[in-house]
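The values are calculated or read from the model by the stated rules, or taken from the named source; none is laboratory data. These numbers were taken from a predicted model, which means no experiment stands behind them. Every residue, glycine as well, gets a Cβ built from its backbone with ideal geometry; the counts of neighbours run over all protein chains shown.
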Amino acid sequence: MSELARGVYRYWRDGQLQAITEPWRLLAAPAGLLLRGKRLVDGLPFLDIEADYQGARCTGLRLHWQPPAPEALRSVEYQLRDDGLLRWRFEQETHFREQALAADALLFPLLRAATGPLLGALGAAARSVVLPCIRNAADAASFLHPIHSSRHVSTPVQAGDQPPTLRYHGGEYGAEGCDCWLDSHGLLQRYHWHSPQGVWDVRLEELHCAETFRGFAG
């Protein structure tokens, strides 16, 4: 598989660099695109994710959770079919569980590198976004199970030399949303939001793209 792009996301809170990074690579796979990424905290693995793409649409993901958690809950696989049926299972399970989703539901594999194509697919009308729950590793009834979130984007009106490309609403960002900047490839270049823990700013650095790379949509 040939590499199309790679980079690193770094996190700031209240202007201070945090020990959180997300290195990622986008590869040309036989059946589409493969996004590989990690979330590192203090240099140690936190999340390890692979996501399959057909164009800008995520069709599957494999997630491995590294911090302490019950062994049976450390790895999960999701598959999203064209008819909206979500199939998912933990690594130790033989059979997939199934959920019927809205036909236009989107699958989000948590990585910041996956946020750009997600924003490109969303519009002003709310759509269902499905993602693994990582809130509480001690809760076997919800951890890594799929959760559903209604999300949409709007075009912000903001003064300044580089106004945000979009405002992203829903999920942890609520109705107020967060400001997002996309680059010419449709990758998330930066995003900025307010939380109870402080003001967060995440930026894409060390970006390298192959000459043939035209973004997830090709």
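Data table
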| read-out | value |
| --- | --- |
| Those residues of segment 21-45 which are part of a strand (DSSP E or B) and in contact (Cβ under 8 Å) with a residue 24 or more places away in the chain, in sequence order | 22, 24, 26, 27, 28, 29, 32, 33, 34, 35, 37, 39 |
| Condition broken by residue 22, with the remaining ones in (1) modelled with pLDDT of 95 or more; (2) out of contact with any strand residue (DSSP E or B) (no Cβ under 9 Å at 6 or more places or on another chain) satisfied | (2) |
| Which listed residue, of 111, 80, 106, is closer than 19 Å to residue 216 by Cα and in contact with a Ser or Thr (Cβ under 6 Å, 6 or more places away or on another chain) | 80 |
| Test: residue in segment 109-119 that is part of a strand (DSSP E or B), surrounded by 15 or more Cβ atoms within 10 Å (Cβ to Cβ) and in contact with a strand residue (DSSP E or B) (Cβ under 6 Å, 6 or more places away or on another chain) | no |
| Condition broken by residue 139, with the remaining ones in (1) touching a strand residue (DSSP E or B) at 6+ places or on another chain (Cβ under 9 Å); (2) free of Cβ contacts under 8 Å to residues at least 12 places away in the same chain satisfied | (1) |
| Total residues in segment 195-218, condition in contact with a strand residue (DSSP E or B) (Cβ under 8 Å, 6 or more places away or on another chain), part of a strand (DSSP E or B) and not β-branched (Val, Ile, Thr) | 10 |
| Residue in segment 152-173 that is in a strand (DSSP E or B) and touching a residue at least 60 places away in the same chain (Cβ under 8 Å) present | no |
| Test for residue 101: is it under 27 Å from residue 190 (Cβ atoms) and surrounded by 18 or more Cβ atoms within 10 Å (Cβ to Cβ) | no |
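A quick yes/no check of all residues on (1) out of contact with any Lys or Arg (no Cβ under 9 Å at 6 or more places or on another chain); (2) more than 17 Å from residue 20 (Cβ to Cβ); (3) of a type in the set (A, V, I, L, M, F, W, C); (4) at pLDDT 95 or above:
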| site | (1), (2), (3), (4) |
| --- | --- |
| 114 | yes, no, yes, yes |
| 124 | yes, yes, yes, no |
| 132 | yes, yes, no, yes |
| 139 | yes, yes, no, no |
| 152 | no, yes, no, yes |
| 164 | no, yes, no, no |
| 195 | no, no, no, no |
| 204 | no, no, yes, yes |
| 207 | no, yes, yes, yes |
